[in-house]
Amino acid sequence: MEHAVAVSPWVSLAYLVAGVCFILALRGLSSPVTSQRGNRLGMIGMAIAVVTTLVTHVPLGGLSGAHAPAIAFGGDFIDLVTFGQILIAIAIGAAIGLVTARRIAMTAMPQLVAAFHSLVGLAAVLVAAAAFLNPLAFGIAQVIRPIYGPDLVTILPVSRIEMALGVAIGAITFSGSVIAFLKLNGNMSGKPIMLPGRHVINLGLIAGILGLIAYFVTDQSPWVFWTITVLSFVIGFLLIIPIGGADMPVVVSMLNSYSGWAAAAMGFTLHNTAMIVTGALVGSSGAILSYIMCRAMNRSFISVIAGGFGGDSSGGAAAAATDRPWKRGSAEDAAFLMQQAEQVIIVPGYGMAVAQAQHALREMGDKLKEHGVRVKYAIHPVAGRMPGHMNVLLAEANVPYDEVFELEDINSEFAQTDVAFVIGANDVTNPAAKTDKSSPIYGMPVLDVEKAKTVLFIKRSMGGVGYAGVDNELFYRDNTMMLLADAKKMVEEIVKSLD
Amino acid sequence: MDFISILSIFVLACFVGYYVVWSVTPALHTPLMAVTNAISSVIIVGALIAAAATGLGNGGAVSKWLGLLAVVFASINIFGGFAVTARMLAMYKKKVR
């Protein structure tokens, strides 16, 4: 048997077309207008990749014709069984996937994405393991026939590195995403869990994995492969547990990136263009999103990875703060102020998602528009638990996307705005980020809500602090009115008062 | 294909990815993550190869079942990822004037 399966140019071309479809799918996301067409192109690309693989690799007797691969020596009966098994596997996956996609609440999107990442990681581990156990099927091994004894199957050295990297990245993606899922889903505390000496343990493990990958080139014994796999599962777990809830947008983006690199590594193993292109796209996508999130928090990627942020911080003025005077308002006050306004900017945050207040909020916006008020929404990049989370929730509540603005596009408008309405956001509105050098969030770009004539700030109680564990200067300003209640109830009451 | 050609494709695709992703509007970053999730499940190609391999003895049988399991996981992602992206994108509407 030859060491590489001969590939027809048509097959390579089909995978290339699939890769191009994936590029266009992402390109479509540059505007909501073209996005749905982009998504359909993505589906077409995936269909092309799957059908091409099935046609070239499932031996179907006479049907596969010119593409019949070297392994097509089973009879028709066995081939149909294989084909049936694959279809059943796809059908099971499709049923689970479609039902989940239909039922999931938009507020739960971060944990769904984390769960999906874990599946990509797990699939990568399984494929790498399958390739390790049966390298001839993947065309990555040579058979050496010694004069005495059984045939020796040796995996090509380059393929060994690619395979080992694939399994390592896949395993890290899997266990890391499982932890991210548990934290986002509330099964595990969002507080960072700090092990003593964790940096030493982590660096040691990473060095061990890299060393074993290098050793794998010279020795393809199963223990090397499985040790790499196990150590990678452990490091993925250890890397994510010290990272707190506030940094989850970065973690989710980072794991997105890893799932891409895992696919790329397997693409190298299989010499498959579609996988390599996709892996590179997804890898860059996740990396860029991580960068955007870090920049929006003014934190370095390294400090996020090192973890520990967003726990019970003893930060700054948090403790003694509640003694300071602040103003409390009622729903009627808020309704009155906003009715009189020319422009109201609504600043939503994760608290809005938790309270499921987006529909009530849109109703409030509609009522205000009836009163001739201009309503806009201002979104901070890290509002919510994943990039773009707030935009999806507002879209779900039928808020038109051209009323929703990003930080840099709307920040200059607060000065000419009558009312800034903060709902479920906290740290991203804290003026201390601009003035107080001792604040843990100093330097983070924030929304200039305090420049509005009046700030209405919905909060459950005066006791709690934001994720960063710092008190918000904004609460004690003369132009701030605190609306202390559950976000959804408060908005519903304001809607009633607006009638 | 030799290693260098594959590496060239990879490096160029990284650049394509860089420019394409920066042009994605921040409002669509969540759908971006969902759809990248779906397309990274192109790893199903490897799973299918493993699942379709026949009669290669030794680790062959285990490899086949691992492949089938990977097909299930990747399919969950493909169908779930594209469906949830489509559901999200359908919600983005312009102002009715």
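Rule-based calculations on the coordinates, nothing more; no lab input. This is a predicted model, so every value here is computed, not measured. Neighbour counts run over all protein chains shown; Cβ positions are idealised from the backbone, glycine included.
Laid out as a table, the results:
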| read-out | value |
| --- | --- |
| Enclosed volume per residue, in Å³, of the convex hull spanned by Cα atoms of the range A:166-304 | 109 Å³ |
| Inverse mean reciprocal Cα-Cα distance (Kirkwood Rh) of the range A:251-292, Å | 9.7 Å |
| Exposure proxy ranking, count of Cβ atoms within 10 Å, fewest first, for A:ARG27, A:ARG40, A:ARG102 | A:ARG102, A:ARG40, A:ARG27 |
| Gyration tensor (alpha-carbon) shape descriptor, chain B, a/c threshold 1.5 | oblate |
| Computed lengthening from A:GLN340 to A:LYS434, 0.36 nm per intervening residue step minus Cα-Cα distance | 30.8 nm |
| Dipole of the protein assembly as shown [Lys/Arg +1, Asp/Glu -1 at C-beta], most positive-end residue of A:LEU361, A:ALA94, A:SER438 | A:LEU361 |
| Cα-centre dipole for the range A:407-489 with unit charges at Cβ (Lys and Arg positive, Asp and Glu negative), debye to 20 | 300 debye |
| Convex hull per residue volume in Å³, alpha carbons only, for chain A | 154 Å³ |
| Dipole axis of chain A (+1 Lys, Arg; -1 Asp, Glu on Cβ), positive-most option in A:SER30, A:ILE288, A:ASN185 | A:ASN185 |
| Protection-proxy order for peptides A:361-372, A:261-272, each taking the mean of Cβ atoms within 10 Å per residue, highest first | A:261-272, A:361-372 |
| Size of electric dipole in the range A:355-499: Cβ of Lys, Arg +1 and of Asp, Glu -1, about Cα centre, debye, nearest 20 | 280 debye |
| Residue-averaged [θ]222 nm for chain A, counting only DSSP H segments that reach four residues, each worth -39500 (n - 2.57) | -18500 deg cm²/dmol |
| Relative contact order [Cα under 8 Å, 6+ residues apart], chain A, whole percent | 13 percent |
| Summed residue charge, Cβ within 13 Å of B:MET91's Cβ, Lys/Arg positive, Asp/Glu negative | +3 |
| Residue mean of other protein chain beta carbons inside 10 Å, A:156-166 | 1 |
| Other protein chain Cβ atoms within 10 Å, averaged over every residue that makes up B:5-15 | 6 |
| Cα gyration tensor shape for the range A:213-277, rounded if a/c is under 1.5, else prolate or oblate | oblate |
| Signed unit charges on C-beta, dipole axis of the protein assembly as shown, positive-most listed residue A:VAL250, A:ASN426, A:LEU238 | A:ASN426 |
| Total charge dipole magnitude, the protein assembly as shown, about the Cα centre, Cβ charges on Lys, Arg, Asp, Glu only, Debye to nearest 20 | 380 debye |
| For A:135-147, mean number of other protein chain Cβ atoms within 10 Å | 2 |
